[in-house]
Structures are given as C-alpha cells and as structure tokens.
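Before any comments, here is the structure.
The values are calculated or read from the model by the stated rules, or taken from the named source; none is laboratory data. Everything numeric in this text was worked out from a predicted model, so none of it was measured. Heads up, the Cβs are rebuilt from the backbone with ideal geometry, glycines too, and the neighbour counts pull from every protein chain shown. Only protein heavy atoms, including side chains, enter the accessible area calculation; ligands, DNA and RNA are left aside. Shrake-Rupley method; radii C 1.70, N 1.55, O 1.52, S 1.80 Å.
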Amino acid sequence: MNKIIPITLLTGYLGSGKTTLVNYVLNNQKGYKVAVIVNDIGEVNIDASLIQKGGVVNQTDDSLVPLQNGCICCTLKVDLMKQIVELAKTGKFDYILIEASGICEPIPIAQTITAISSDASSYGLPEICRLDNVVSVVDALRLVKEFGCGSYLEKQVEEEDIENLIIQQIEFCNLIVLNKVDEISKEELKEVKAVIRKLQPKAEIIETNYGKVDIGKILDTRSFDLEEVANSAGWLQELENDENIEDDDDEDDDHDHDHDEHEHHHHHHDGGETEEYGIGTFVYYRRAPFNRGKFEDFANRFPNDTVIRTKGILWFSNEPEIGYVFEQAGSQIQAYESGNWIASAPRHERKQILKENPDIEKDWDETYGDRMIKLVFIGKNMNKKEIISKLDNCLEG
C-alpha cells in the first residue's frame, strides 16, 4: 500500500522564529520520522546549519534538504516538487516539514504541493503526499515595534516588501504561531491580536515564546483545506458580507453615486477589542468609474500610515470593458487586470451569462451593468470620511 506523506509548511518573515520552532518540533516529534526541507536565500544556508547545530539532524543526514539560491514560491518550484517526490520514494520518512524562506509568498508553495497530490496520476505516480498544515510564525515584538501593532511600518530601503509579505503570510494560513509574546505588554498583545484578527479572522492563534507549541498543532493535524484557507482572508470576508459598506449620506457631495440601490445593510457591528484600539474595516462601494489620472494621484498619496490593507475591484472611465484588482499592503500598491466585465460582452453572450448566473443579474445596474468599484479597507484610526471623500473626488463626472 502506498504511503501518503503529510506536509507542514512553515512561513513567517525573517527572524520570526521559524527555525526555533523547527528545532522544537524535531526535538519533540513523538516518533515521527521527519524530513526537513529548508529554503534560504543566499550562498550559505544559515537556517540549515542552525538545525544541524541543534543535534537533531547530522551534517551528512539525508533527512535535511537545503534548497538554496532561489525561492520555492517561484524559481525553485520544480526543485521543491522533485525533492518531495524523492523523499517520498525513499520510504524512510512519514512526515515532511518545509521551512520556507522569510521572503516567500505562501500561496504558490501551497498550490505546488497540492498539485503534486491532486495531479499525481498525470505524472504516472500514485498519490504521495498531502498538505496537512500551513503555519505562519508571526513575531509579536516586530509587529509592535515596526508595524505600530499593525497600523504602520517604518520604511527600510533594503526591506521594502516586509509589510506585504507579513500580511500575505498572515492572510494565507490555518494556524498562526504568535511568537515572542513575553517581550510585549498585555495591552500590546491584545492590540496585535486585534489587528491579526482583522487580517485573518478564521485561523487559530497560538501565543508562545521560543516556538514552544503542542506538536499535535503542527504535525498530522488534517486541518488544511486549500479552498477554505484561500477564502479566509479578512478583506475577502468583508467584501462578501457587505456589512461594512460606508454610507456618505451625511456628507455634502455633488456626485450622484446611486450606491445604495441594492439595499445593502449597514450594521457596523464591530465591537470589543477592535473598537477599543481604533482598528476597523469599511467597504467603499460605487458604480461609477474612476478617472485614471485622479486615482493614480490618490494612490501616490495613499494613507498607508493608517491603512494596513486594501483590496478589491475597480474600473476606469477610459477602459470601460476591463476590470482591475487593486491591492495595497503597507506601502506596496498595485493594480492589475482581472478580465472583462460581462457588460462589455456581446448582447447574446451577456443574456446567456445572466440567465445562468442569477446572482449577477440581481446585482445588475441599468447604467453600468456589472461594473463597480468595491474596495475593502482595514486599518487603525482610519479617517473614513476623508478617505471616502478623496475617492469620490476621483470618480468620473
């Protein structure tokens, strides 16, 4: 009978404590024969040597596989697949632990591992592995010092993608190991957790120091589901439930936005810790398009001192057929094409699509069709009215 090897993927920014956690797991593995794949950028694999120094894996032991001079979420994808297949073929191991580089994005790695499992037959192989657990190790002290508990990040030229990576690592996981909690105050810890909960409302959070975690939470948990985790990010939850859409009824405004024609319900039910720390969420929703030049000016002056995360869809008046995804994490901002709006399709195609998708038809606008701007904002002490006003000033017309 073919053995299916479970895999745990550990992500987390540089210095968060991943290697300490790996050492702890290996020292307390309760009889598991664990192979470790370590991905570190650079000529010297520091993480691998630290694991070896821990005395758990010998220098010559083939249970440690260093993947160097590249990143397993991009250039080393094929190498990662090959290594997993090779480790499985040996029959020596019943578990694989992957320590991703601190600058790795978790989603491509998870997709690679899942592909090995689901597409094994197309390679002429039996199913050999399953992704069991995606763990994000988060440095509580770093979040307090550099994120201001998540609301801002002091810019460091050589590490300009920190905020983007940390947010992606928090958003895509099913377990968060919040490390170094003894190094911050109880109030700071509450604030950090409130921020994490806004970014990732579904993952379990374990508070710890020195990576000391119940091994049952790391190995053989059967807790990872790709679709569930891919849809668990806070911005996506807010985008789908429509409960935090901000009205501008009380603002003097020359624009006629018609943004409440679908009778959205505005409960604004955030409470507890999130309100106490000024951490909140709102959805900016309009049907009219942005003027591209005006919106680019807004993006160049984006209020990332208070906005932690923004994501959603938008469109521009000079390109009415194309929808865009807008994404911001800290100081990193981008917009990319997501495909054509249904409203831009030929009439017969459009009718067929609407017939088959009643939800789209229900949200159809007489003027704009399915075109809309819908942006989720997550932040701390955000000036919602000011942000809304500035965005309204970017609208065409």
The condition from (1) open to solvent by 10 Å² or more (accessible area, probe 1.4 Å); (2) modelled with pLDDT of 85 or more; (3) among the acidic types (D, E); (4) within 17 Å of R222 (Cα to Cα) that E127 misses is numbered (2)
Within segment 358-381, of all residues that are modelled with pLDDT of 90 or more and more than 19 Å from I322 (Cβ to Cβ), the one most open to solvent (accessible area, probe 1.4 Å) is E366
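Residues checked against (1) under 28 Å from Q168 (Cα atoms); (2) of a type in the set (K, R):
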{"residue": "R309", "(1), (2)": "yes, yes"}
{"residue": "V325", "(1), (2)": "yes, no"}
{"residue": "I333", "(1), (2)": "yes, no"}
{"residue": "W341", "(1), (2)": "yes, no"}
{"residue": "M382", "(1), (2)": "yes, no"}
{"residue": "S389", "(1), (2)": "no, no"}
{"residue": "E396", "(1), (2)": "no, no"}
Filtering segment 104-119 for residues that are surrounded by fewer than 17 Cβ atoms within 10 Å (Cβ to Cβ) and assigned to a loop (DSSP other than H, G, I, E, B) leaves a count of 1
> Any residue in segment 325-332 that is out of contact with any Lys or Arg (no Cβ under 7 Å at 6 or more places or on another chain), among the small types (G, A, S) and either open to solvent by 30 Å² or more (accessible area, probe 1.4 Å) or at pLDDT 95 or above (or both)?
Replying inline: no
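Residues checked against (1) under 26 Å from G278 (Cα atoms); (2) part of a strand (DSSP E or B):
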position: I313; (1), (2): yes, yes
position: E327; (1), (2): yes, yes
position: D359; (1), (2): no, no
position: T367; (1), (2): no, no
position: F377; (1), (2): yes, yes
position: E386; (1), (2): yes, no
Practice task
State yes or no: is Q237 buried (at least 17 other Cβ atoms within 10 Å of the Cβ), polar (S, T, N, Q), in contact (Cβ under 8 Å) with a residue 24 or more places away in the chain and in contact with a Pro (Cβ under 8 Å, 6 or more places away or on another chain)?
Solution key: yes
Could you tell me whether segment 291-310 includes any residue that is touching an Asp or Glu at 6+ places or on another chain (Cβ under 7 Å), outside any strand (DSSP E or B), modelled with pLDDT of 95 or more and surrounded by 15 or more Cβ atoms within 10 Å (Cβ to Cβ)? yes
Item to check | Verdict on L76 being surrounded by 15 or more Cβ atoms within 10 Å (Cβ to Cβ), of a type outside the set (S, T, N, Q) and either modelled with pLDDT of 80 or more or at positive phi (or both) | outcome: no
Scanning segment 15-31 for residues that are in a loop (DSSP other than H, G, I, E, B) and touching a residue at least 40 places away in the same chain (Cβ under 8 Å), the one farthest from the chain's Cα centre (by Cα) turns out to be K30
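Conditions (1) under 20 Å from M382 (Cβ atoms); (2) modelled with pLDDT of 95 or more, marked per residue:
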{"position": "E160", "(1), (2)": "no, no"}
{"position": "E171", "(1), (2)": "yes, no"}
{"position": "V177", "(1), (2)": "no, yes"}
{"position": "V229", "(1), (2)": "no, no"}
Those residues of segment 20-56 that are at pLDDT below 80 and among the hydroxyl-bearing types (S, T, Y) come to a total of 1
